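Notes for the one structure printed next.
The values are calculated or read from the model by the stated rules, or taken from the named source; none is laboratory data. Please read these numbers as outputs of a predicted model, since none were measured by experiment. Every residue, glycine as well, gets a Cβ built from its backbone with ideal geometry; the counts of neighbours run over all protein chains shown.
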Amino acid sequence: MTEVKTSVITRGVIENAYTYQEYRDMIDERMAQGKTTGDNHSEAMLHYTKMNVHRMERQDKRVKLIDEVKAALNGVDRKLIWLVLTEAWCGDAAQSLSAMQKMADYSDNIQARYILRDEHLDIMDEFLTNGKSRSIPKLICLDAQSLDVLGSWGPRPANAQKLYDEWRSVDGIAYQDVAEKLHKWYAKDGTKSMQAEFAEKIPEWVK
């Protein structure tokens with residue numbers, strides 16, 4: 001894997017990023033104030049955030065790592081930082097962050113940290129989906145010492161992305177209907193597709 005240097009991810013960004021628990025606590029604090037992350041604190045965005053808190057709580061309890069990803073994580077022999085761009089109102093993030101954290105927790109060599117997309121658009125714009133979309137979550141795998149970029153993942157598993165694109169292409173379909181279909185897919189999949197992709201990517205990242 002060719003290592004790529006990016007000047008926008010600095011040591012300061014890493015040091016000021018949230019741990020998973022700090023991220024969860026921050027969301028709870030903002031919800032108590034009638035706010036979410038970002039600038040849009042509408043009833044709709046607060047509703048999405050409330051639903052996402054429930055999703056993360058459920059995922060924290062239910063997500064179990066598959067054997068293939070455990071094997072890949074056992075092979076991580078260098079210190080890594082997984083920097084994750086996210087927002088509290090993002091449903092895809094709520095479905096994925098718990099699994100990311102459980103994978104990081106499994107390896108002594110991986111440290112996961114979380115930053116808000118809209119506070120770090122300079123970073124987001126270097127990791128656009130299809131070169132144009134600021135889709136999240138986006139996990140960036142970094143060498144912990146050099147901060148070289150070793151790879152990235154996101155915003156959703158490839159088979160979920162394919163379905164999402166198909167659903168969005170239907171004339172007249174409401175985004176909320178697409179989101180409902182997507183969350184049903186996530187519930188049925190149980191992060192297995194995501195973990196399978198990480199099982200393939202992790203060995204490439206640590207070559």
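Just one of Lys50, Lys70 is closer than 19 Å to Trp153 by Cβ, at pLDDT 95 or above, surrounded by fewer than 20 Cβ atoms within 10 Å (Cβ to Cβ) and not aliphatic (A, V, I, L, M); which is it? Spell out the reasoning first.
Numbers: Lys50 fails: closer than 19 Å to Trp153 by Cβ.
Just a single option satisfies the conditions, and that option is Lys70.
Which of the numbered conditions does Leu97 fail, given that it passes all the others? Conditions: (1) within 17 Å of Ala144 (Cα to Cα); (2) modelled with pLDDT of 95 or more.
(1)
Please find, within segment 156-185, the residue that is nearest to Arg134 (Cα to Cα) out of those that are buried (at least 18 other Cβ atoms within 10 Å of the Cβ) and in contact (Cβ under 8 Å) with a residue 40 or more places away in the chain.
Arg156
Name the one entry in Asp92, Asp25 that is under 28 Å from Asp122 (Cβ atoms), in contact (Cβ under 8 Å) with a residue 60 or more places away in the chain and either hydrophobic (A, V, I, L, M, F, W, C) or surrounded by 12 or more Cβ atoms within 10 Å (Cβ to Cβ) (or both).
Values: Asp25 fails: in contact (Cβ under 8 Å) with a residue 60 or more places away in the chain.
Exactly one of Asp92, Asp25 is under 28 Å from Asp122 (Cβ atoms), in contact (Cβ under 8 Å) with a residue 60 or more places away in the chain and either hydrophobic (A, V, I, L, M, F, W, C) or surrounded by 12 or more Cβ atoms within 10 Å (Cβ to Cβ) (or both), namely Asp92.
Please work out if Ile115 is surrounded by fewer than 20 Cβ atoms within 10 Å (Cβ to Cβ), at pLDDT 95 or above, hydrophobic (A, V, I, L, M, F, W, C) and in contact with a Leu (Cβ under 9 Å, 6 or more places away or on another chain).
Against the criterion (surrounded by fewer than 20 Cβ atoms within 10 Å (Cβ to Cβ), at pLDDT 95 or above, hydrophobic (A, V, I, L, M, F, W, C) and in contact with a Leu (Cβ under 9 Å, 6 or more places away or on another chain)), Ile115 does not qualify.
Here are some residues: Lys188, Lys192. Which one is farther than 30 Å from Ile9 by Cβ and surrounded by fewer than 18 Cβ atoms within 10 Å (Cβ to Cβ)?
Answer to the check: Lys188.
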